[in-house]
Amino acid sequence: MPDCVFEEISAHVDRYTPDDRTDRPALGAIRGERGTLLVEGGASAAHLGAFAAELAARGRPPIVGIVLTHWHWDHSFGSAAVDAPVIAHADTAAELAVQAAYDWSDAALEKRVRDGREIAFCADCLRLEIPDRSGLRIVLPAETFTGRHSVDLGGVGADVVHVGGDHAGDSCVIHVPGDDVLFLGDCLYQRLYAPEPLLTIAAVRALVDRLEPFPVAVAVEGHDDGTAGAAAFADRLEELRRAADLVEADAAAASALVAGDEDMEELVGFLLVGEGQAR
Ligand SMILES: [Zn+2]
């Protein structure tokens, strides 16, 4: 598995590819005449710092802000690497305040896994990404919003829109009009903070309805190695809708109907858990 790779994905947008060894998500950078807006704070200061160094090496404009897609550690714990205000949904800010008050020692982390406040997968990845957490500084957002928020970067803008969903209720997407890049964070993924990973019919449908109107040339998902073009993104939404329809129509038969299609099998499986229909 290669390290994170710097990619130009449109005229004004760069991406840093994810790395699943420690669950580092994709990072983004949107640039206008006035500055560069980072998408995600990254999993650690090392992670975000490496991306910022790549941007500086290419002469990108100064970083003027960091916008978060949701509160999860891998998207937010690296913000301290860059001296720029963090912009986030009010619910993201509230959850980060909870995280910032925690003790991040191994012992405290293990205790939270045992009492159900943390999940083992995240704790394991965090220990690998930031082995020494004695100096961990979780940056709280300086600017919060609900609904939507627009950032003017000078000739280029970014629209941050709250979409919610099962993965994290605070999930936001970032759309770059003109380039039509859509950063989805993890919003289309299953909920991990649950006894078993799950999706629900109502949340999947609501999310697909909210995402479909965006004009999309390039879709960036948090932990996908590649990006999706317009057709692939439309297919992704259609698969989610179809899985929800199948589980609603006949939960007992849904798995058999998608047998052999790995993506659909997985989606139907998560939906069966979420609807209390898993066997
Ligand atoms: Zn997440």
Residue exposure sequence - Trp104, Trp71 - by fewest surrounding Cβ within 10 Å: Trp104, Trp71
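Give me the Å³ per residue figure for the convex hull around the C-alpha atoms of the chain. If you can, show how the numbers build up before the last one.
Working: hull volume 35.2 nm³, N = 279.
For the chain, the hull spanned by Cα atoms encloses 126 Å³ per residue.
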Karplus 3J(HN,Hα) series, Hz, for region 113-121 with 6.51 cos²θ - 1.76 cosθ + 1.60 (x for Gly, Pro): 5, 5, 8, x, 7, 10, 9, 4, 4
Estimated D of region 1-117 in µm² per second, where Rh is the Kirkwood radius over Cα pairs and Stokes-Einstein applies at 37 °C, 0.692 mPa s: 219
Amide H contacts under 5 Å for Leu198, placed H, 5+ residues apart: Arg191
Under Karplus coefficients 6.51, -1.76 and 1.60, residue-wise ³J(HN,Hα) of region 226-243 in Hz, glycine/proline x: x, 9, 10, x, 4, 5, 5, 5, 4, 5, 4, 5, 5, 4, 4, 5, 5, 4
Of Ala29, Tyr193, Thr146, farthest towards positive along the dipole that unit charges on Lys, Arg, Asp, Glu beta carbons give region 6-229: Thr146
Under Karplus coefficients 6.51, -1.76 and 1.60, residue-wise ³J(HN,Hα) of region 128-137 in Hz, glycine/proline x: 6, 6, 10, x, 9, 9, 5, x, 4, 10
Size of charge dipole - the chain - debye, nearest 20, with Cβ of Lys, Arg +1 and Asp, Glu -1, no other charges: 800
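Please give the calculated 222 nm ellipticity per residue for the chain, where each DSSP H segment of at least 4 residues contributes -39500 (n - 2.57) and the sum is spread over every residue; nearest 500 deg cm²/dmol?
Numbers: 9 runs with 99 residues, N = 279.
So the calculated ellipticity at 222 nm is -10500 deg cm²/dmol.
Read-outs: derived from the displayed coordinates by stated rules, not from any lab. Worth saying up front: this structure is predicted, and the values here are computed from it rather than measured. We place every Cβ from the backbone using ideal geometry, glycine too, and count neighbours over all the protein chains shown.
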